[in-house]
Amino acid sequence: MKNSLGMLLGTLEDITMQCGGQDCPSSPKFAQLQYEGQRVNNHLIQLLAIYKIENSMYSPNIAEHSLQDFLEESAMQSEALLAPKGIDVECDCDPQLIGFFDREMVAGVVNNVVNNAYRYSKDKIRLSAAQHGDHVVISVEDNGRGYPPNMLCEHSDQLTGINFKAGSTGLGLYFSSLVAKMHKNKGRQGYIACSNNGIDGGGKFSIYLP
């Protein structure tokens, strides 16, 4: 199923590019299909990753990475989805900043948050990274209406469960929290936070890595 979905998303991306971006009248529909397909793909990957992590079947591949390169790669991967909707992505990071983390897993977290920001952002998304005490923090923020109260948290431990009224399972945040907690260093552990301190009061997601 995952391979078939990957082929479908690749085909949609090709059609969107051939359509001519925002000048094509069908571009918004293709972008919506791409967004929904990516959501399903992300959920499948997250469920598989959660299963492996919780059953001790996954060992983190912690390595040294340039945060600027990591953010620029994430922005480039999101361009095909965001461009048709007129959403600009900017990166803000010290070129010398490095971090030690599982690149594939953290990329999955960032890509999932960007995919969600696509739905709520007016026209801007910012990817940033900075040193914060003993942690490196990677953030994704937008200029939408912000997170609802039930999703705001300063630490992973404050996350709430399923919200039937809002139609939220919290799968993405739970996955992100597990990925953060996999990162440990000298007694410190990673965690996530959600606030409305994003662009113009929009949502801001942050993952803290020790």
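So Ile87 fits all but one of (1) touching a residue at least 40 places away in the same chain (Cβ under 8 Å); (2) buried (at least 16 other Cβ atoms within 10 Å of the Cβ); what number is the exception?
Here Ile87 clears every test but (1).
Does at least one position in segment 25-38 carry a residue that is under 28 Å from Leu8 (Cβ atoms), under 15 Å from the mean Cα position of the chain (by Cα) and in contact (Cβ under 8 Å) with a residue 60 or more places away in the chain?
Yes, segment 25-38 has at least one match.
Listed here are the residues, each with its yes/no results for (1) buried (at least 16 other Cβ atoms within 10 Å of the Cβ); (2) closer than 16 Å to Arg39 by Cα; (3) in contact (Cβ under 8 Å) with a residue 12 or more places away in the chain.
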| position | (1), (2), (3) |
| --- | --- |
| Asp92 | no, no, yes |
| Gln96 | no, no, no |
| Asn112 | yes, yes, yes |
| Asn115 | yes, yes, yes |
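Can you report the number of residues in segment 139-152 which are within 18 Å of Tyr174 (Cβ to Cβ) and either touching a residue at least 24 places away in the same chain (Cβ under 8 Å) or in contact with a Lys or Arg (Cβ under 7 Å, 6 or more places away or on another chain) (or both)?
Total satisfying the criteria: 4.
For segment 161-185, give me each residue that is loosely packed, with under 14 Cβ neighbours inside 10 Å and modelled with pLDDT under 55.
Matches in segment 161-185: Gly161, Ile162, Asn163, Phe164, Lys165, Ala166, Gly167.
Have a look at Gln77, Gln46, Gln68 and point out the one that is out of contact with any Ser or Thr (no Cβ under 6 Å at 6 or more places or on another chain) and modelled with pLDDT of 95 or more.
Gln68
Matching residues to (1) in contact with a Phe, Trp or Tyr (Cβ under 6 Å, 6 or more places away or on another chain); (2) in a helix (DSSP H, G or I); (3) not basic (Lys, Arg):
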position	(1), (2), (3)
Arg39	no, yes, no
Lys52	yes, yes, no
Met57	no, no, yes
His65	no, no, yes
Val106	no, yes, yes
Asn115	no, yes, yes
Ala129	no, no, yes
Ser139	no, no, yes
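Just for segment 128-145: of the residues that are acidic (Asp, Glu) and under 19 Å from Ser74 (Cβ atoms), which one is surrounded by the most Cβ atoms within 10 Å (Cβ to Cβ)? Walk me through how you get there before you give the answer.
Restricting attention to segment 128-145, the residues satisfying the condition of being acidic (Asp, Glu) are 134, 141-142.
Narrowing further to those that are under 19 Å from Ser74 (Cβ atoms): 141-142.
Working: Glu141: 26, Asp142: 28.
Per the stated criteria, the residue is Asp142.
Just to be sure, is Arg145 in contact with a helix residue (DSSP H, G or I) (Cβ under 7 Å, 6 or more places away or on another chain), charged (D, E, K, R) and not in a strand (DSSP E or B)?
Details: in contact with a helix residue (DSSP H, G or I) (Cβ under 7 Å, 6 or more places away or on another chain): yes; charged (D, E, K, R): yes; not in a strand (DSSP E or B): yes.
Judged against the criteria, Arg145 is a match.
Please go through segment 80-103 and give me each residue that is modelled with pLDDT under 95 and either out of contact with any Asp or Glu (no Cβ under 7 Å at 6 or more places or on another chain) or in a helix (DSSP H, G or I) (or both), ordered by number.
Once the filter is applied, which keeps residues that are modelled with pLDDT under 95 and either out of contact with any Asp or Glu (no Cβ under 7 Å at 6 or more places or on another chain) or in a helix (DSSP H, G or I) (or both), segment 80-103 yields Ala80, Leu81, Leu82, Ala83, Pro84, Lys85.
The values are calculated or read from the model by the stated rules, or taken from the named source; none is laboratory data. Fair warning: this is a prediction, and the values are worked out from it, not measured in the lab. Don't worry about glycine lacking a Cβ; one is built from the backbone with ideal geometry, like all the others, and counts go over all protein chains shown.
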